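As structure tokens, the structure follows; a few thoughts come after it.
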Amino acid sequence: MHDFHYVGGRLHCERVAIESLVNKFGTPLYVYSQHTLTDHFQKLDIALAPLNHLVCFAVKANSNLAVIRTLANQGSGFDIVSEGELRRVIAAGGDPRKCVFAGVGKTEAEIEFALRQGIYSFNIESEPELARINRVAARLKKTAPIAVRVNPNIDAHTHAKITTGTYENKFGIAFEQIERVYARASRLKNLRLRGLQMHIGSQLTEVKPFEQAVKKILPLAAKLADKYDLEFFSVGGGLGIVYNPALDSGSPEWWQTPVAKKILTPATYAATLVPLLQPAGLRILIEPGRFIVGNAGILVTRVEFVKRTGRKNFVIVDAAMNDLIRPAFYDSYHEIVPLRRKGGAMTESDVVGPICESGDFFCKNRPLAKVGEGDHLALLSAGAYGFVMASNYNSRGLAAEVLVNGNRAASVRERQPLAEIWKSESVPAWLK
């Protein structure tokens, strides 16, 4: 599942003690395991081997150049949602010809840049977007490869803020309209109809929603492929990860849990979908993010104070919602463990940050090992939608990031100096 484990009572990433990284780089600190990244990518890639396929890592999950380069070296394609993400892929050595460009609000400048870089396909979210891409391509005297994103109107029963596959969501074009949209798109001279795309949501831990969506959309994909000579069918991303192994195993301690029992594995995913997809004869794209990088990262934080009230035990740490917003934004669960494993009774605690918001918390009323000022905690499964969603709220600098490979570790992002936060700001002359 991941490469974070205790050795002699001290938490390690692969063969590097996390404490040694804290001593060198300080906190808050993101730490990523290169082996976990490559292992998760390879397991998914191998599981899909019977298909002509391309795994396109969703850059929005983690856009650090070292993470992108690690996956590019494995042959990964990339799912991007902005010009900035495409530029990051190129800067990291990724191939723009393996990039698919998603998102509902692509600007003309972004479309032009992506066309000039020769991306594999645009995932189209609306008819006005089709017209815009055709117009930009005509101006550049290019042909734009496109795949319309079909909204299958299937509820994946995930968190309301990460569901994407129903008609209540802003994404894609309704299933019933797709054939008419392709007919109109086929008359636009600067478009190449290259594929069909779907995506039903994120953090799905059962295969059933994927199976339902594929069974519903695949006949449409086959029909469109015959009529317009489509090349690929993208089944999107959404494979979930383990955030709380205790829910699956009955064990309160993750290091006693060999493997979560209920998580959707690449083997289970492929066993259901490959037999459905193989007869179509299309190239299959998959766009995972969280599955590859989520369990590959942790956020390390220092305990500043322990504050006891008549009702609560607050563990106040130096990381905050600006470093990892998922608990505040999604009410999400992250396992929290000490860098030094401790015995003794557990204390029901709230782990909170220093930001002046009641929503600045990492857990509430959770049994934790007793800690004191100067101890360190690790928030597990923070590799996806962690640093990428960080901000400078409260004028706090962005955390440092480190990549570990075996017994080696390297800084892959320096801690942001405070003065850089306001470096691009200025005071107008009339205020001086």
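Please treat every number below as a calculation from the coordinates, not as lab data. All values reported here derive from a predicted model rather than from experimental measurement. Please note: Cβ atoms are built from the backbone with ideal geometry, for glycine as well, and neighbour counts cover all protein chains shown.
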Enumerate the residues in region 130-156 having an amide nitrogen under 20 Å from the point lying 7 Å beyond the Cα of D229 toward its Cβ. 134, 138, 142-148
Output needed for region 332-382: three equivalent-ellipsoid semi-axes, defined as square roots of 5 times the C-alpha gyration tensor eigenvalues, in descending order, whole Å. 19, 12, 11
Under the definition of Cα pairs under 8 Å and six or more residues apart, what whole-number percent is the relative contact order of region 63-142? 27 percent
If one builds a Gaussian network model of the chain from Cα atoms under 10 Å apart, the most fluctuating residue listed among A137, A225, A271 is A271
How far apart, in nanometres, would the label points at A429 and K24 be if each is projected 7 angstrom from Cα along the Cα-to-Cβ direction? 5.0 nm
Just tell me the longest site-free run in the chain, where the sites are GluC sites (Glu not before Pro) in a DSSP loop having at most 15 other beta-carbon atoms within 10 Å. 1-167
After finding the eigenvalues of the alpha carbon gyration tensor for region 46-153, what semi-axes result from the square roots of 5 times each, listed largest first in whole Å? 23, 17, 13
Reachable aspartates and glutamates, given that their alpha-carbon falls under 14 Å from the alpha-carbon of K60 and they are not under 8 places away in the same chain: D79, E83, E85, E287
How large is ³J(HN,Hα) for each residue in region 208-213, as worked out from phi by the Karplus curve 6.51 cos²θ - 1.76 cosθ + 1.60 (θ = phi - 60°), to whole Hz, x for Gly and Pro? 4, x, 4, 4, 4, 5
So what's the back-of-envelope 222 nm ellipticity for the chain, counting only DSSP H runs of four-plus at -39500 (n - 2.57) apiece and dividing by all residues, rounded to 500? -8000 deg cm²/dmol
Say the cut-off is 30 Å between C-alpha atoms; which of K43/K106; K312/K423; K216/K364; K98/K189; K98/K142; K106/K208 go over it? K43/K106; K312/K423; K216/K364; K106/K208
Which one of I241, I421, I111 has the biggest mean-square fluctuation once the chain is modelled by GNM with Cα springs under 10 Å? I421
Grab the beta carbon distance between A138 and A280, set R0 = 25 Å, and tell me the FRET efficiency rounded to 0.05. 0.20
Expected vector for region 335-351, Karplus 3J(HN,Hα) from phi with 6.51, -1.76, 1.60 and θ = phi - 60°, integer Hz, x for Gly and Pro, equals 4, 10, 10, x, 5, 10, 5, 10, x, x, 5, 8, 10, 5, 9, 9, 9
So who's got an amide H within less than 5 Å of the one on C363, skipping anything under 5 residues away but keeping other chains? H placed 1.01 Å off N, in plane. V351
Among C363, C56, C13, the residue with the largest mean-square fluctuation in a Gaussian network model of the chain built from Cα contacts under 10 Å is C363
Quick calc: nm separation of the 7 Å Cα→Cβ label points for E108 and D331 -> 4.4 nm
With a sphere of radius 12 Å drawn around the Cβ of G118, what net charge do the other residues whose Cβ falls strictly inside it have (Lys, Arg +1; Asp, Glu -1)? +3
Provide, in order from the shortest bin, the percent of all Cα-Cα pairs of region 295-420 in each 10 Å bin, continuing until the bin that contains the maximum pair distance. 12, 45, 33, 9, 1
